[in-house]
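K.L.:
Submitted below is the structure of interest, expressed as structure tokens.
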Amino acid sequence: MKRGTMGRATQQAAADAPWQPGRERWAMLAVLCASLLLVALDATILNVALPSLIDDLQPSAIEQLWIIDIYGLVLGGLLVTTGAVSDRYGRKRLFLGGIVIFGLASVVAATASSTWQLIGGRVLLGVGGAMVMPSTLSLIRNIFTNARERARAIGIWAAVAGAGAALGPLIGGVLVEEYGWAAAFWLNVPVVIATFVAGLWLLPEFKDAGHAPLDVPSALLSVVGVVGLAWGIKHIAKGSPGVVDIVVLAVGVLVLVVFARRQLGLPDPLLDVRLFRNRAFTAAALVILMAMLAIGAALFLMSLWLQYVHGYSPSQAGLRTLPAALAVLSGSLLAPVLMDRLGVRALMTLGLGGVVAGFLVLALSPEPTSYGYVAVVLVLLGLGDGLAITTASSVLVSAVPAARAGQAGAVSETSYELGVGLGVALLGSIHGAVYADHMVGQPAQARESIGGAFELAQGGGGQILEVARIAFDDALTTTAFVSAGIVAVVTVLVAWLVPRGFTATAGH
């Protein structure tokens, strides 16, 4: 297939012809991974920039919540719709459109002089990210027609996604310390320009002319349902839920039920919910959810532990989370090789088993916990995540025909986003509750968070900070035990769901 500079008629004819893989497929993968890296970085990069941002823009508590949450809510809510759009109207077209929106949104956010301009930029970033993420995985499904080679490509894709999220705190810390919080957004612009030009030149177009037009009611139901579910789970998991939180969760669940029933009655559904009758497909979505829940919560808590318990700067703390990024990279690249030898069921359970082992090492480490133990924990979690997510993504992609690859991308990325959000909310809330129990008798500000204790210590309350550090360590131990238990239960469930001898090849 010729490149993106061909005439429109020739381009359309090429798009209708069967895809013939060539050497340039690896260059195409590099373009897709560069865009994915940006989206993954933006999921975590703002965490370390938040203190600097608060000092500058002075957002209220509710506005801070919107700044952090709105990106994931918009991104997660649109994934099912954008996956269906890519199948119908072209994956390259959606990918390039998403890249452009992501770049423009980065400029809006970087130049924000008010909180609401920043929130608007984050909304647009979520829209662009939702267009890019399922497009990358669905394009891989079409570009790599050989199942074994496709597994290797997905391994690289998963390595970039996992490493990007893990590198967010490090890159964000360096940029914020040197140039201020806006640099976290300006970073995107040159990469966006280079990726757009390379994608326009290299990427082929894929779409299925046999699809029915997009069902708009289904699209609206999917957005409302996923956003309501994500919002409700995150806010209820944080403790002391209000009536609004419970109502939003209930509405989200109800809307998703209506969505699923509507899909069953459509000849060409937005998302073929019958795919979840495939036990391996369901297990794969669950594995991605659980793996991201674990690594998302661990990186969040470890970042606080490094900065407040050990007093590292944001960049120093980010540097000490590098073992997780390197381990995710290693696990993701190893997975395609091990999948042939061990099989899907063994590798997904092995990956989740590594996550369980990581949490147990943290739970059983002597207190006060030293960084040596934490580094081992990060390696185990990263390796486990890399193995599990790469294998699960291969299963999801192989379970659908190439013409509907956008659906697999949507399920994979929705599980990814919900997992990160749920991990921080649920496990972060458990840690916060245990920490508060250990801080009984201390000032209210110190009981709320170790960050509050740190602020009090700046005014001369050094003893309070020491008590808070011990309480944080104790809470980390309890949270690690709970986390190990949750992941262990899911590991057993996954082993039961996936048939013996199942392989991630097209046709399952």
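The values are calculated or read from the model by the stated rules, or taken from the named source; none is laboratory data. Values in this document were obtained by computation on a predicted structure and should not be read as measured data. Cβ placement follows ideal geometry from the backbone for every residue including glycine, while neighbour counts extend to all protein chains displayed. Only protein heavy atoms, including side chains, enter the accessible area calculation; ligands, DNA and RNA are left aside. Shrake-Rupley method; radii C 1.70, N 1.55, O 1.52, S 1.80 Å.
K.L.:
Out of Arg88, Arg122, Arg150, I need the residue that is at pLDDT 80 or above, under 20 Å from the mean Cα position of the chain (by Cα) and of a type outside the set (Gly, Ala, Ser). Which one?
P.N.:
Arg122
K.L.:
Name the residue, out of Gly128, Gly155, Gly97, that is closer than 21 Å to Ala34 by Cβ, under 17 Å from the mean Cα position of the chain (by Cα) and modelled with pLDDT of 90 or more.
P.N.:
Only one candidate passes the filter, namely Gly128.
K.L.:
Would you mention how many residues in the range 177-228 are open to solvent by less than 30 Å² (accessible area, probe 1.4 Å), assigned to a helix (DSSP H, G or I) and more than 21 Å from Ser86 (Cβ to Cβ)?
P.N.:
Of the residues in that region, 5 qualify.
K.L.:
Right, here's the next one. Report, by residue number, each residue of the range 356-373 that is over 25 Å from the mean Cα position of the chain (by Cα) and open to solvent by 20 Å² or more (accessible area, probe 1.4 Å).
P.N.:
Passing the criteria: Leu364, Pro366, Glu367, Pro368, Ser370, Tyr371, Gly372, Tyr373.
K.L.:
Looking at the range 425-439, which of its residues are open to solvent by 50 Å² or more (accessible area, probe 1.4 Å) and either of a type outside the set (Asp, Glu) or in contact with a strand residue (DSSP E or B) (Cβ under 8 Å, 6 or more places away or on another chain) (or both)?
P.N.:
The answer is Leu426, Ala433, His438.
K.L.:
Separate question: State whether the residues of the range 140-152 include one that is aromatic (Phe, Trp, Tyr), under 22 Å from Thr81 (Cα atoms) and in contact (Cβ under 8 Å) with a residue 12 or more places away in the chain.
P.N.:
No, because not a single residue in the range 140-152 is aromatic (Phe, Trp, Tyr), under 22 Å from Thr81 (Cα atoms) and in contact (Cβ under 8 Å) with a residue 12 or more places away in the chain.
K.L.:
Quick one: Gly173 ticks every box in (1) outside any helix (DSSP H, G or I); (2) open to solvent by less than 20 Å² (accessible area, probe 1.4 Å) except a single one, so which number is it?
P.N.:
(1)
K.L.:
Can you confirm whether Arg122 is in contact with a helix residue (DSSP H, G or I) (Cβ under 9 Å, 6 or more places away or on another chain), farther than 15 Å from Ala410 by Cα, open to solvent by less than 20 Å² (accessible area, probe 1.4 Å) and of a type in the set (D, E, K, R)?
P.N.:
Here the answer is yes, as Arg122 does meet what is asked.
K.L.:
Listed residues Gly353, Gly382; which is within 21 Å of the chain's Cα centre (by Cα) and open to solvent by 10 Å² or more (accessible area, probe 1.4 Å)?
P.N.:
Residue meeting the stated conditions: Gly353.
K.L.:
Scan (1) within 27 Å of Leu422 (Cα to Cα); (2) open to solvent by 40 Å² or more (accessible area, probe 1.4 Å); (3) at pLDDT 80 or above; (4) not small (Gly, Ala, Ser) for the single condition Gln64 breaks and write down its number.
P.N.:
For Gln64, the exception is condition (3).
K.L.:
Out of the helices (runs of 4 or more DSSP H) lying entirely within the range 405-508, which hold 2 or more residues that are of a type outside the set (Asp, Glu) and either under 30 Å from Leu347 (Cα atoms) or at pLDDT below 80 (or both)?
P.N.:
405-438, 450-458, 462-497
K.L.:
Now for a different question. I need a count of the residues in the range 344-396 that are in a helix (DSSP H, G or I) and within 15 Å of Pro323 (Cβ to Cβ).
P.N.:
Total satisfying the criteria: 22.
K.L.:
So, one more: Which of the following residues is β-branched (Val, Ile, Thr), assigned to a helix (DSSP H, G or I) and without any contact (Cβ under 8 Å) to a residue 24 or more places away in the chain: Val85, Val108?
P.N.:
Of Val85, Val108, the one residue that is β-branched (Val, Ile, Thr), assigned to a helix (DSSP H, G or I) and without any contact (Cβ under 8 Å) to a residue 24 or more places away in the chain is Val108.
K.L.:
Test Ala161 against the criterion of being open to solvent by less than 10 Å² (accessible area, probe 1.4 Å), without any contact (Cβ under 8 Å) to a residue 60 or more places away in the chain and closer than 19 Å to Thr82 by Cα, and give yes or no.
P.N.:
Here the answer is no, as Ala161 does not meet what is asked.
K.L.:
Given the conditions (1) within 18 Å of Leu289 (Cα to Cα); (2) charged (D, E, K, R); (3) open to solvent by 10 Å² or more (accessible area, probe 1.4 Å), report the number of the one that Glu413 does not fulfil.
P.N.:
Among (1) within 18 Å of Leu289 (Cα to Cα); (2) charged (D, E, K, R); (3) open to solvent by 10 Å² or more (accessible area, probe 1.4 Å), Glu413 violates only (3).
K.L.:
When the range 125-158 is examined, which residues are found to be open to solvent by less than 10 Å² (accessible area, probe 1.4 Å) and either among the polar types (S, T, N, Q) or under 23 Å from Leu301 (Cα atoms) (or both)?
P.N.:
Answer for the range 125-158, where residues must be open to solvent by less than 10 Å² (accessible area, probe 1.4 Å) and either among the polar types (S, T, N, Q) or under 23 Å from Leu301 (Cα atoms) (or both): Ser135, Thr136, Ser138, Ala158.
K.L.:
Within the range 331-348, how many residues are under 20 Å from the mean Cα position of the chain (by Cα) and crowded, with 24+ Cβ neighbours inside 10 Å?
P.N.:
Counting residues in the range 331-348 that are under 20 Å from the mean Cα position of the chain (by Cα) and crowded, with 24+ Cβ neighbours inside 10 Å gives 4.
K.L.:
Now for a different question. For a quick check of your reading: which helices (runs of 4 or more DSSP H) sit entirely within the range 229-329 and have at least 2 residues that are under 29 Å from Met348 (Cα atoms) and modelled with pLDDT of 85 or more?
P.N.:
243-264, 279-304
K.L.:
Which members of the range 440-466 meet the condition of being buried (at least 18 other Cβ atoms within 10 Å of the Cβ) and over 19 Å from His310 (Cβ atoms)?
P.N.:
Within the range 440-466, Gln442, Arg447 qualify.
K.L.:
Now a separate question. Would you mention how many residues in the range 19-43 are within 27 Å of Ala317 (Cα to Cα) and either modelled with pLDDT of 70 or more or open to solvent by less than 20 Å² (accessible area, probe 1.4 Å) (or both)?
P.N.:
Within the range 19-43, residues that are within 27 Å of Ala317 (Cα to Cα) and either modelled with pLDDT of 70 or more or open to solvent by less than 20 Å² (accessible area, probe 1.4 Å) (or both) number 10.
K.L.:
Given the conditions (1) in contact with a helix residue (DSSP H, G or I) (Cβ under 9 Å, 6 or more places away or on another chain); (2) surrounded by fewer than 23 Cβ atoms within 10 Å (Cβ to Cβ), report the number of the one that Tyr89 does not fulfil.
P.N.:
For Tyr89, the exception is condition (1).
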